[in-house]
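Chemist: First the structure, then my questions, so here it is.
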Amino acid sequence: MRVVVFGVGGFYRKRKTVFDGVDVVCYLDNNYAGDALAELNVLAPEFICEYKYDVVVIMTDRFLDEITKQLLQLGCPKEKILSYNEFVSLMQQMGEKQCCMKIYYGADNQQNGSGKKVLLVSHDLSLTGAPIVLFYAAVNMKKMGYDVFVLSAFDGKLRERYTKQGITVFIDDSIIVGNIWLNRFLEYFDCCMVNTVTLHRLVECLDSLSIPTIWWLHEGEDIYNVEKIDAREKNAFRNISVYGVGRVACNTYRHYYHGNCKSLLYGIPNEESNRMIIKDGKVRLAMVGAIQKRKGQDILLDALSYISPEERRSMEVYIVGSTLVERNYADMIKKRAEDFSEVIMLDEMNHHDINDIYEKIDILVCTSREDPMPVVITEAFSKGIPCIVSTQTGSSEYITDGVNGFLVEPNPRLVANKITAIMKMDKEEIEKIGKKGYEIYRDKFSLPVFYSNLNVALCNLLD
């Protein structure tokens, strides 16, 4: 089968092994034309007419409709255009992609063999919000006496942290779409905990197998749209207990599935902080998170344009995050940031480096258009960093404006007004608000609170 691959960005790089042994005749991308990849040039889409192919596989999860329309305009037959999930299913049906599960055993293979076997399932093992908080859940379950295993569609830096904890990790990208072999594998476990909406097909499979399962949701409406999940008229599940990280995640699930969804907030460690108040006349703000429209970096930059140049001279603004999620949007943000000398753009950072940013800033800013429960805000709470938080986040339900944080609608002029008002406050007064914000972390997101709530959920599942 001759394949054209459309898209060689981050989505492709995580999943490129699916094309091992496949006859890829060319790679296309709207943004990468001319780059070298696998001894082939990445071409502009217009060159597709020069190749003979059986299918075109779109390797992105956010622009399927737009790219499909583009390919149709270029003369590609509709029946030859496949999404990544459709391609994996086709390969399995043709027998060209058998089980390719990789196994990484935990240190000393420390499963004790006496507890119930629990499988935690993640869409990837990156050092990002949802995968990280699932890791903390795994560590706690192991301490509680469960035999814990982890299954992930894609590998990542988190895998080594699991194996150091004595937890065996399985990697298999077919869990995104499911297969017969996977069903037999799942039946080995007493219960499962599946992380994120992305794995909704696997959840449907688990429900049919009658395996007690917790589905732990972290997403808002945009991911449901990406996954093309249609709203159901009634609850579709019999054996699935659904939990969400707060109001936004729970309400979004109820809208699409019309089933019960209870709140299960995540927990993160309380790491020692060496923050110091720098009295040099500057106010330092940071916005941390992937550069994408949902996160609203453009709202912050537009807000800066409403603040006078004189006031901006007393500011430092750090915008930190990966530019690979939405490349066109990220390019726009980088170009827009060049208009402001006080803005410092930084790429995605590891845990150690982001802590260096936390230690020097006065305020964390979140202007998200939608964000169910951003871990970055919780991290700021845990360090006593005052936060300006969008009302469209789940975190906002725990904040009283001006008492334990600052609330603002994700509107540039309102954000500008909020920032300038805070800049007129004494730094010690701002820090007092940050200390009250720490109480949100202590009472809602600390590991002891999370572990207690998780234990209740597991007991209810297995009763």
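The values are calculated or read from the model by the stated rules, or taken from the named source; none is laboratory data. Small disclaimer: the values here were computed from a predicted structure and weren't measured. Neighbour counts run over all protein chains shown; Cβ positions are idealised from the backbone, glycine included.
Chemist: Kindly list the number of the only condition in (1) at pLDDT 95 or above; (2) within 20 Å of Gly384 (Cβ to Cβ) that fails for Asp302.
Modeler: For Asp302, the exception is condition (2).
Chemist: Within the stretch 242-258, take every residue that is over 20 Å from Ile176 (Cβ atoms), touching a Lys or Arg at 6+ places or on another chain (Cβ under 8 Å) and not aromatic (Phe, Trp, Tyr) and give me the one that is surrounded by the most Cβ atoms within 10 Å (Cβ to Cβ).
Modeler: Among those residues, the one meeting the criterion is Gly244.
Chemist: Looking at Ala107, is it at pLDDT 85 or above and not basic (Lys, Arg)?
Modeler: Here the answer is no, as Ala107 does not meet what is asked.
Chemist: Looking at Lys282, Lys360, Lys295, Lys334 in this structure, which one is modelled with pLDDT of 95 or more, charged (D, E, K, R) and surrounded by fewer than 17 Cβ atoms within 10 Å (Cβ to Cβ)?
Modeler: Lys334
Chemist: Collect the residues in the stretch 137-147 that are in contact with a strand residue (DSSP E or B) (Cβ under 8 Å, 6 or more places away or on another chain) and modelled with pLDDT under 95, keeping them in residue-number order.
Modeler: Met141, Lys142, Tyr146, Asp147
Chemist: Could you say whether any residue in the stretch 370-381 is of a type outside the set (Gly, Ala, Ser), surrounded by 21 or more Cβ atoms within 10 Å (Cβ to Cβ) and more than 22 Å from the chain's Cα centre (by Cα)?
Modeler: Looking for residues that are of a type outside the set (Gly, Ala, Ser), surrounded by 21 or more Cβ atoms within 10 Å (Cβ to Cβ) and more than 22 Å from the chain's Cα centre (by Cα), one finds none in the stretch 370-381, hence no.
Chemist: Yes or no: Glu204 farther than 27 Å from Ile440 by Cβ, of a type outside the set (Ser, Thr, Tyr) and in the same structural domain as Lys117 (by TED's automatic domain parsing)?
Modeler: Yes: the conditions hold for Glu204.
Chemist: Now a separate question. How about the stretch 210-243: which of its residues are assigned to a loop (DSSP other than H, G, I, E, B) and either in contact with a Cys (Cβ under 9 Å, 6 or more places away or on another chain) or at pLDDT 95 or above (or both)?
Modeler: Those that are assigned to a loop (DSSP other than H, G, I, E, B) and either in contact with a Cys (Cβ under 9 Å, 6 or more places away or on another chain) or at pLDDT 95 or above (or both): Ile211, Pro212, His218.
Chemist: If you check Glu271 against the conditions, is it more than 21 Å from the chain's Cα centre (by Cα), within 25 Å of Asn453 (Cβ to Cβ) and loosely packed, with under 14 Cβ neighbours inside 10 Å?
Modeler: Judged against the criteria, Glu271 is a match.
So that you can scan it fast, the table gives a plain yes or no per residue for (1) in a loop (DSSP other than H, G, I, E, B); (2) touching a residue at least 60 places away in the same chain (Cβ under 8 Å):
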position: Val365; (1), (2): no, yes
position: Phe381; (1), (2): no, yes
position: Gly384; (1), (2): yes, yes
position: Val389; (1), (2): no, no
position: Glu397; (1), (2): no, yes
position: Val403; (1), (2): yes, no
position: Val415; (1), (2): no, yes
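Chemist: Among Asn31, Asn85, which is under 24 Å from the mean Cα position of the chain (by Cα), of a type outside the set (Phe, Trp, Tyr), within 18 Å of Glu326 (Cα to Cα) and at pLDDT below 85?
Modeler: From the options Asn31, Asn85, the qualifying one is Asn31.
Chemist: Just to be sure, is Leu414 out of contact with any Phe, Trp or Tyr (no Cβ under 6 Å at 6 or more places or on another chain) and at pLDDT below 95?
Modeler: no
Chemist: Continuing with this model, one more query. Taking the stretch 41-67 as the search range and keeping residues that are part of a helix (DSSP H, G or I), in contact with a strand residue (DSSP E or B) (Cβ under 8 Å, 6 or more places away or on another chain) and at pLDDT 90 or above, which one is farthest from Asp173 (Cα to Cα)?
Modeler: So, considering only residues that are part of a helix (DSSP H, G or I), in contact with a strand residue (DSSP E or B) (Cβ under 8 Å, 6 or more places away or on another chain) and at pLDDT 90 or above, the one farthest from Asp173 (Cα to Cα) is Phe47.
Chemist: Also, quick follow-up: If Lys228 meets every condition in (1) crowded, with 20+ Cβ neighbours inside 10 Å; (2) on the phi > 0 side of the Ramachandran plot apart from one, which number is that one?
Modeler: Single failed check for Lys228: (1).
Chemist: Which one of the conditions (1) without any contact (Cβ under 8 Å) to a residue 12 or more places away in the chain; (2) over 25 Å from the mean Cα position of the chain (by Cα); (3) farther than 30 Å from Pro386 by Cβ does Asp280 fail to meet, given that it meets all the rest?
Modeler: So the condition that Asp280 fails would be (3).
Chemist: Additional query: Quick check on my filter: what residues within the stretch 337-358 are assigned to a helix (DSSP H, G or I) and under 17 Å from Gly296 (Cβ atoms)?
Modeler: Of everything in the stretch 337-358, just one residue is assigned to a helix (DSSP H, G or I) and under 17 Å from Gly296 (Cβ atoms), namely Ala337.
Chemist: Something else now. Could you tell me how many of the residues in the stretch 307-324 are within 15 Å of Ile291 (Cα to Cα) and over 24 Å from the mean Cα position of the chain (by Cα)?
Modeler: Going through the stretch 307-324 one residue at a time, the tally reaches 0.
Chemist: Something else now. Please tell me if Asn260 is free of Cβ contacts under 8 Å to residues at least 60 places away in the same chain and not hydrophobic (A, V, I, L, M, F, W, C).
Modeler: In short, yes.
Chemist: Mind checking whether some residue in the stretch 322-334 is on the phi > 0 side of the Ramachandran plot and free of Cβ contacts under 8 Å to residues at least 40 places away in the same chain?
Modeler: Looking for residues that are on the phi > 0 side of the Ramachandran plot and free of Cβ contacts under 8 Å to residues at least 40 places away in the same chain, one finds none in the stretch 322-334, hence no.
Chemist: Can you find a residue in the stretch 264-274 that is touching a helix residue (DSSP H, G or I) at 6+ places or on another chain (Cβ under 9 Å), more than 21 Å from Ile132 (Cβ to Cβ) and either in a loop (DSSP other than H, G, I, E, B) or touching a residue at least 12 places away in the same chain (Cβ under 8 Å) (or both)?
Modeler: yes
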